[in-house]
1. Just to be sure I understand the model, the point goes 7 Å from the Cα along the line to the Cβ. What's the resulting Gln6 to Arg37 distance in nm?
2. Residue separation times 0.36 nm, minus the C-alpha to C-alpha distance between Glu60 and Trp147: what's the value?
3. Would you order Arg41, Arg132 from fewest to most other beta-carbon atoms within 10 Å of each residue's own beta-carbon?
4. Full-extension gain between Asp129 and Val102, please, as 0.36 nm times their residue separation minus the C-alpha to C-alpha distance.
5. Quick one: order Val102, Val8, Val29 by neighbouring beta-carbon count within 10 Å, fewest to most.
6. Between Asp117 and Ser44, how many nm apart are label points set 7 Å from Cα along the C-beta direction?
Amino acid sequence: MIRQLQRVTSEYIETEDRIRLNGLANQAVTSIWLSRRLADRLISPLTQWLEKQQPQPTAEERENFLNFAQHAAQEATRQEASPPVTAEKQASESWLALTIQVQSDTQALTMIFCGTDDPQKIALKMQPDQLRQWLDILYRTYLRAEWPIELWPDWIKNNTPPSTGRTNHRMH
């Protein structure tokens with residue numbers, strides 16, 4: 001059975017030039033490292049799934065809705081007061097994700113992060129609002145890392161004001 005992450009904190013680690021996801025699963029913290037190459041591959045399937053969650057409106061209605069929903073998700077992320085998931089050096093497992101399997105249905109999307117073997121496999125399931133929040137966090141991480149943002153859709157880029165300083169982001 002694949003372990004499930006209940007909470008996750010995402011942060012860019014400049015010395016590694018990678019994103020670290022600190023996730024809580026079964027009362028233990030797991031750190032999963034994402035390379036830019038792997039994160040780039042996630043953008044399209046995640047944003048396309050969100051776009052398909054809406055009825056078939058006109059192009060303008062669709063863009064307006066996506067802009068509004070992304071703005072609402074960003075506000076919810078900023079107002080969250082839960083403590084970050086932190087990795088203790090001795091108490092957590094840490095590994096590089098080599099692949100990510102994306103599974104979805106009409107209600108939720110699940111990302112299964114896979115390392116080199118079965119113990120290095122863990123799932124993160126998100127509802128649409130949670131996914132919007134995490135995409136905002138991931139996009140801000142790209143900006144902080146100074147990674148290219150051409151892959152990101154306009155409805156995310158247009159809703160993200162410039163950030164200042166170092167940021168750690170967390171979500172439920």
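Since every read-out is calculated from the coordinates, none of them should be taken as a lab result. Treat the numbers as computed from the prediction; the structure is a model and nothing was measured. Here Cβ is always computed from backbone atoms with ideal geometry, including for glycine, and neighbour counts include all displayed protein chains.
1. Each label point is offset 7 Å from its Cα along the Cβ direction, giving 3.5 nm.
2. On the way: separation 87, 0.36 × 87 = 31.32 nm, distance 2.89 nm.
Fully extending the segment from Glu60 to Trp147 adds 28.4 nm.
3. Values: Arg41 16, Arg132 28.
So the residues, fewest neighbours to most, are Arg41, Arg132.
4. Working: separation 27, 0.36 × 27 = 9.72 nm, distance 1.69 nm.
Between Asp129 and Val102, full extension yields 8.0 nm more.
5. Values: Val102 15, Val8 24, Val29 18.
Least crowded to most crowded, the residues run Val102, Val29, Val8.
6. My value for the distance between the label points is 3.4 nm.
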